[in-house]
Structures are given as structure tokens and as C-alpha cells.
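Asks: Below you'll find the structure I mean.
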């Protein structure tokens, strides 16, 4: 089945009645868990983004609190938590939220007692998050850049993770 363009979908939705649109939204949420979570975010959390960030941070912490010492299981748990974090970042669509959640992900991974430098895979996961943070920081206003660069420096010092070459500060 071929999907229609956004413009076609928008014009078709404008021609529908309110009750039909509600029915379509409910069908979408029954079909896919991600659609349900996105609709919940758009209806309840978009107006209070700070509360959303705090709830997301607690979700990350609870996921990483149960991390295994076994390297294989630890990698799986990190990837699963990172996948969930990326989904939350996609919902918010704000660079500051992305930076906050990724920094918290790295900090929670460190606080879980996992040695981030022991495994090359885990090291690469964390390093890639630092790259994403750096890329996003460069898109922000200078004042925000300075604030987040200080947060990154503090996190690098706390985790004793080597300072990547791609950081300009």
C-alpha cells in the first residue's frame, strides 16, 4: 500500500468532521504503542516540558538501576534504555531536551556502577552520545552553549571518561 503525502493527508483531515478525526486518532493508538505514547505526550505533556523531562529522567534511572554486571546483559540494557531515550527525544523535538536527557543517560549509566571503559561496545555507546550532545550544543545560542559545555565538562570529570577530540572546549 502506498502512503499519501502529508499535504494530501492534511487536506483530507480538514474535510473530516471532529468526531471522525477523534475516531481516526483512537484507531491509530490501538494499532501501535508508539502512536499511543506520542498522542499521550501531545495531549498531556507538551504544555509542561519540564515535568516531561523530569519524568523521562526517572524512567532512565529506573531502567539503568537494574543493570547487570554481566557485560553482555549490560550492553543490552544500555541499548534498550538508549532506544527509549531517543524515542522521548523525538517526541519533544527540542535540542535542550535532547541534551538534558542524553547527559542524564550518561550520568545514570555511570552511577549504575558499570565500568564504562571496560568494554569497547559500551565505550562506543557512551562516546556516540557525547558526539550527539556536541553536535546539538553547536546548534544552540552562545549562552546556552556555554552552560551545556560546562555540564559536559563536569560530567566528563565525574565519569573520568576521556575528553573526546571532537569537543571544541
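The values are calculated or read from the model by the stated rules, or taken from the named source; none is laboratory data. Just so it is clear, the model here is predicted, and its values are computed rather than measured. Cβ coordinates were reconstructed from backbone atoms using ideal geometry, including for glycine residues, and neighbour counts include every protein chain displayed.
Asks: Sort through 84, 66, 93, 100 and tell me the only one that's in the same structural domain as residue 124 (by TED's automatic domain parsing) and over 15 Å from the mean Cα position of the chain (by Cα).
Replies: So the residue among 84, 66, 93, 100 that is in the same structural domain as residue 124 (by TED's automatic domain parsing) and over 15 Å from the mean Cα position of the chain (by Cα) is 66.
Asks: If you don't mind, there's one more thing I want to ask. In region 61-75, what residues are over 22 Å from residue 99 (Cα atoms) and loosely packed, with under 13 Cβ neighbours inside 10 Å?
Replies: Within region 61-75, 66, 69, 70, 72, 73 qualify.
Asks: May I ask you to verify whether residue 156 is surrounded by 20 or more Cβ atoms within 10 Å (Cβ to Cβ) and either in a helix (DSSP H, G or I) or touching a strand residue (DSSP E or B) at 6+ places or on another chain (Cβ under 6 Å) (or both)?
Replies: When the stated conditions are applied, residue 156 does not pass them.
Asks: Can you give me the number of residues within region 112-136 that are in contact (Cβ under 8 Å) with a residue 40 or more places away in the chain and assigned to a helix (DSSP H, G or I)?
Replies: Total satisfying the criteria: 5.
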